[in-house]
1. Which residue fluctuates the most in the chain, going by a Gaussian network model with Cα springs under 10 Å, if the choices are 87, 54, 21?
2. Out of these labelled values of semi-axes √(5λ) of the Cα gyration tensor in Å, [x] 54, 30, 14; [y] 39, 16, 11; [z] 25, 16, 11, which was calculated from the coordinates shown here?
3. Mind jotting down the distance between the C-alpha centroids of region 68-82 and region 13-54, whole Å?
4. Measure of size requested: the Rg and Dmax of region 62-106, with Cα atoms as the atom set and Å as the unit; please supply both.
5. Could you list 3, 15 in order of exposure, starting from the residue whose Cβ has the fewest other Cβ atoms within 10 Å?
6. GNM, the chain, Cα, under 10 Å: largest mean-square fluctuation among 37, 63, 74?
7. Is it possible to state the helix-based mean residue ellipticity at 222 nm for the chain, with each DSSP H run of 4+ residues giving -39500 (n - 2.57), the sum divided by total residues, to the nearest 500 deg cm²/dmol? What is it?
8. Where does the charge balance sit around residue 60 when Lys and Arg score +1, Asp and Glu -1, over other residues with C-beta under 15 Å from its C-beta?
Amino acid sequence: MRETILSRLQKIEAEEGMRILYACESGSRAWGFPSADSDYDVRFIYIRPVEWYLSVNLEHKRDVVERPIDGQLDLNGWDLRKALKLLRKCNPPLMEWLGSPIIYLE
């Protein structure tokens, strides 16, 4: 499944024109208690090209990438700028991502 996940992350990078800096498993699989029907909750942090950040309407741009659940894969990510703002607030989901024992990319 790891190769499938990495392939899907590469596809998202190409579709979105961005680069994933960090990707991990979140949820039950990450903490060692998946059920028989558990999906893979892949979460990631990404950056876009510099020009994207140098926009006058940056605050109105979407800073998340979400894909519909496809089979066993649930893929969602946050822009680095959003992640850093949330890190300042000790955001629980972000803290879980950063502490995940299953890392796909870093």
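Throughout, read-outs are computed from the coordinates displayed, never taken from laboratory work. Not measured: the values here are computed from a predicted model. FYI the Cβ positions are ideal-geometry reconstructions off the backbone, even for glycines, and counts take in every protein chain you see.
1. Judging by the Gaussian network model, the answer is 54.
2. [z]
3. So the separation of the two Cα centres works out to 5 Å.
4. Considering region 62-106 through its Cα atoms, Rg and Dmax are 11.7, 34 Å.
5. On the way: 3 7, 15 10.
Lowest count first: 3, 15.
6. 37
7. Numbers: 4 runs with 35 residues, N = 106.
For the chain, the value works out to -9000 deg cm²/dmol.
8. Working: positive: 48, 61, 62, 81, 82; negative: 59, 63, 79.
Once all neighbours under 15 Å are counted, the net charge is +2.
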